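The values are calculated or read from the model by the stated rules, or taken from the named source; none is laboratory data. Only a predicted model underlies this, so the values are computations on that prediction, with no experimental measurement involved. Quick reminder, even Gly has a Cβ in these numbers, built from the backbone with ideal geometry, and neighbours come from all protein chains shown. Heavy atoms of the whole protein, side chains included, go into the accessibility calculation; ligands, DNA and RNA do not. Shrake-Rupley method; radii C 1.70, N 1.55, O 1.52, S 1.80 Å.
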Amino acid sequence: MRAKITYFALAAVLVVYFVLAGSRGYFLIREGTVLTVTFGVAVLILPAIGVWFLWHTTQFARKADALSAKLEAEGGLPVDDLVRTPSGRIDRDSADEVFARRRAETEDAPDDWRSWFRLAIAYYDARDTPRARKAMQRAIALHEGR
């Protein structure tokens, strides 16, 4: 729950920034000179990219959360039995062991979104966030029938 609150607070700050930057771009364009119109368009491009990125990130998180809820209802969420260090960090060897099992599970059922979802969690636990995101995207695509 804390992560969701943080996410929405940061998203709200970004939206305020996008509005402020967009308004500055608008005022620059209204000046009407070649230089200010050029700068105004350039200033408007950054908030547009930011809005696009925020929208896609929010959609990804929403879809991943829906898959998590569905898998939890089915009783298929992986149990967190990983060994942890005294500071609470996941032990790398423990994460690698679970990852090997999840990868084998996914290789046995490559068209099952559930195995890809569990593989994404294993990647995340192994601190490989880019691959975790790609595995989760694959799980979402399989669930949606793409």
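Observations on the structure shown:
Quick grid of which residues meet (1) under 28 Å from ALA122 (Cβ atoms); (2) at pLDDT below 90:
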residue: TYR17; (1), (2): no, no
residue: ARG30; (1), (2): no, no
residue: VAL43; (1), (2): no, no
residue: THR57; (1), (2): yes, no
residue: PHE60; (1), (2): yes, no
residue: GLU72; (1), (2): yes, no
residue: ASP80; (1), (2): yes, yes
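- Scanning segment 77-122 for residues that are open to solvent by 40 Å² or more (accessible area, probe 1.4 Å) and of a type in the set (Ser, Thr, Tyr) yields THR85, SER87.
- Number of the exception - LEU67 against (1) among the hydrophobic types (A, V, I, L, M, F, W, C); (2) touching a residue at least 24 places away in the same chain (Cβ under 8 Å); (3) open to solvent by 50 Å² or more (accessible area, probe 1.4 Å): (3)
- Filtered residues of segment 28-48 (kept if open to solvent by less than 100 Å² (accessible area, probe 1.4 Å) and not hydroxyl-bearing (Ser, Thr, Tyr)): LEU28, ILE29, GLY32, VAL37, GLY40, VAL41, ALA42, VAL43, LEU44, ILE45, PRO47, ALA48
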